[in-house]
Amino acid sequence: MKRNPKLIAAVVALAVVLLAAGPTFLPPFYVRVGQLMLYSAGLGLAWAILGGFAGYASFGHSAFIGIGAFTAGLVESQYSTLPPPLLLPLGLAAGALSCAILSAVIAYPILRLRGTFFAIAMLGVSHVGAEVTNNIDFFQGAMGLNFPPLAPAGMDPASFFYELFLAGALLTLLISWLIRRSRFGAGLLSIREDEDTARMLGVPTERYKRVAFVVSAVLTGLMGVIYAHSLGYITTDSVYRDDTNLSLIVYSLLGGMGTLFGPVIGAGLLVFITQVILGRLLDFHLFATGLLLVLLILMAPGGVNGLLNRKRRSA
Amino acid sequence: MDLIAQTLADGLVLGGIYALAAVGFSLIFGVLHVINLSHGILVLLGAYLALILSDALHIDPLLCIPPVMVALFCIGYVYQRLLIQRAVDRASVNSMLLTFGVALMLQNVMIWLFSPDMKNITPSYAFNSFKIGPVNFDAVRVSALIASLILLSVLAAFLRYSSMGRVIRATAQQTMAARLCGVNVRHVYALTFAVSAAFAGAAGIVIGIILPFSPNDEGTWTLNAFVVVVLGGVGSPAGALIGGLLLGLVSTLTAQYIGPAFPNVTMFLLLVLLLLVRPQGLLGNAFSASR
């Protein structure tokens, strides 16, 4: 099958318009679900730039959600007299900057570790971040931070944040797509396949890994800032969450590790399963997620994409 | 001066228990190269079994160690044969996630069965204590420490002198070579897992008599085990002991002199530092998996 770029562009544009128009025709409950799906998809995509492409599965990306959210909150409370339309860009910039600086610094030691060691060291980073935020009064993690309401008058806040999450997810998708088709992206894939060989063949693995780490961290931080605003009030526990750390891996596993749309499919499916199908059975969530994880690893290590490919190949 | 001595003593007691709680994790890691994130669940399972047994039979919780170890040995063997074995040869992150999935499920089951509340195993001598010089020792903590050290020595002797232990060590060193010499590697894997689960269960009992526990603690015990193993080195009881004592000292010293909220922070800084400087752990069983 030959790909027609015009057709693809048209389909993408149509999908974006449909998604953007979502809040106008969806019932309120599904606007909330859509918000969560877009937020998760954005996070999953950002995670996959490092975890999917380069194969460095981080187990602690909620660190960047937390750092982004708390930086934005603290900066915005300093300039609380500014009008709300200026506050959000300010918060986003501050959150992105702090994530960029922090990730660039920890990239040096932490990217020397591989596989499970990297995963657990990142978990450590997120736990340390959470404890520091919780225990140093300056960060107000234990007390909580308030965010000013941003939604313009006359617009439902849920729809407003839906659109923001959509914008964030689309930006992340665009960046992943650009990375995927660039020389840089090919370099990341070669790191995943065999880092030592890639390095021997002249791929600047250290630099590529660091850049991917920082990009991933910044995008995660941006989503975190939007998320914090949508909550309106955050404490340490609402952003540094271990279930987020896990979900990010599950999205990619479910959708297909290392594929462009894998995290989007995975996030959509998982949010649908947990929020809509199991919405009433809160006691059952942990069990269901665990069961899903076990089944995935045993039966479909390639995720939904992997299953589709297998079918295509055998057909 | 007394405060320092007391803190050091507390740290060592705690460290001995950390070491016991980590030794199974270390063995699985060393032999199967699997990061067993359901380790904390096995620890808690031991604690809950002992709680039920000692309540039902009115016996000292430490006497529950043998039956609980046997039970967990069987559970561990089956768990490995049915689930873990299928993911052993895949990418390391896969087997880690598999155990994580199992941990989530079992944690949920434990919340249903035992409620999410904190529980305690209280032996009859719970409130006795004695003094050596200026330093105060609780009877419970000391008996817990002694039980830990005995169990660690038993495991060390098992690995060192028994033929089964020799086979396990051989498989850890070179799986392929062991297989060529006629070792049934799958059986050894399952057996290693079973032994590790048994020791995790025993650790659970020891933990249960000195600290309160709830199903939500499993993550803490898994992480502690991981830190201990990274600090001490993989696959040997001696490594676990060194790592455990170090972790115990660091966390009590931090809690005493920096602030009760910071043990985890120093613990992880130490962990990352050590991974960078000496990835094979202090008692270096060098292994290449980390880089």
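So what is the calculated 222 nm ellipticity per residue for chain A, using -39500 (n - 2.57) for each DSSP H run with n of 4 or more, over all residues, to the nearest 500 deg cm²/dmol? So the calculated ellipticity at 222 nm is -24000 deg cm²/dmol. Between A:ALA153 and A:ALA300, the simple spin-label model (points 7 angstrom out along Cα→Cβ) gives 5.0 nm. Using the Cβ-Cβ distance between B:ILE59 and A:PHE138 with R0 set to 56 Å, the FRET efficiency works out to roughly 0.60. Partner shielding of A:107-120 amounts to 6, given as the average count of beta-carbon atoms from other chains within 10 Å of each residue beta-carbon. Between A:LEU307 and A:ARG210, the modelled labels are 4.2 nm apart [label points 7 Å from Cα along Cα→Cβ].
When you count, for each residue, the other Cβ atoms within 10 Å and take the mean per peptide, how do A:208-217, A:88-97 rank with the highest first?
On the way: A:208-217: 22.7, A:88-97: 19.2.
In descending order of packing, they fall as A:208-217, A:88-97.
Go through A:137-144, B:184-191 and give me the packing order, highest mean Cβ count within 10 Å leading. Before the final figure, lay out each step's value.
Details: A:137-144: 14.8, B:184-191: 17.5.
By packing density, highest mean first, the sequence is B:184-191, A:137-144.
Look at the stretch B:109-116: the mean tally of other chain Cβ atoms within 10 Å of its residues' Cβ atoms is 1. Extent along the principal axes, Cα only, for chain B: 58, 47, 36 Å, with the longest axis given first.
Which semi-axes, in whole Å and largest first, does the equivalent ellipsoid of the protein assembly as shown have when worked out from the alpha carbon gyration tensor as the square roots of 5 times its eigenvalues? Can you show the working numbers first?
Working: eigenvalues 361, 168, 107 Å².
Result for the protein assembly as shown: semi-axes of 43, 29, 23 Å.
Extension gain for B:LEU3-B:THR220 works out to 75.4 nm (0.36 nm per residue, less the C-alpha to C-alpha distance).
Global dimensions of chain A from alpha-carbon coordinates: Rg and Dmax equal 19.4, 63 Å.
Going by C-beta contacts inside 10 Å, put A:GLU131, A:GLU76, A:GLU206 in order with the fewest on the left. Kindly include the intermediate steps, with their values, before the conclusion.
Working: A:GLU131 19, A:GLU76 26, A:GLU206 15.
With the sparsest Cβ surroundings first, the list reads A:GLU206, A:GLU131, A:GLU76.
Taking the fewest neighbouring Cβ atoms within 10 Å as the starting point, the ordered list for B:LEU20, A:LEU7 is A:LEU7, B:LEU20.
Considering all alpha-carbon pairs of the range B:112-250, what whole percent are spaced by more than 22 angstrom? The proportion of pairs with Cα distances above 22 Å equals 51 percent. Using 12 Å as the cut-off for backbone N distance, which residues of the range A:219-261 belong to the label zone defined by a point 7 Å from the Cα of A:LEU189 along Cα→Cβ? Hits in the range A:219-261 for A:LEU189 at 12 Å: A:258-260.
For the range A:190-295, the pair-distance distribution built from all alpha carbon pairs, in bins 5 Å wide starting at 0, is 2, 10, 13, 18, 19, 16, 10, 6, 4, 2, 0 percent.
Counting beta carbons within 10 Å around each of A:VAL125, B:VAL142 and listing the fewest first gives the order B:VAL142, A:VAL125.
So what's the back-of-envelope 222 nm ellipticity for chain B, counting only DSSP H runs of four-plus at -39500 (n - 2.57) apiece and dividing by all residues, rounded to 500?
Helix-only estimate at 222 nm: -24000 deg cm²/dmol.
Quick note: the coordinates plus some simple rules give every number you see, no bench work behind them. Quick caveat, the model's predicted, so the values are computed rather than measured. Ideal geometry is used to build each Cβ from the backbone, glycine not excepted, and the neighbour counts take in all protein chains shown.
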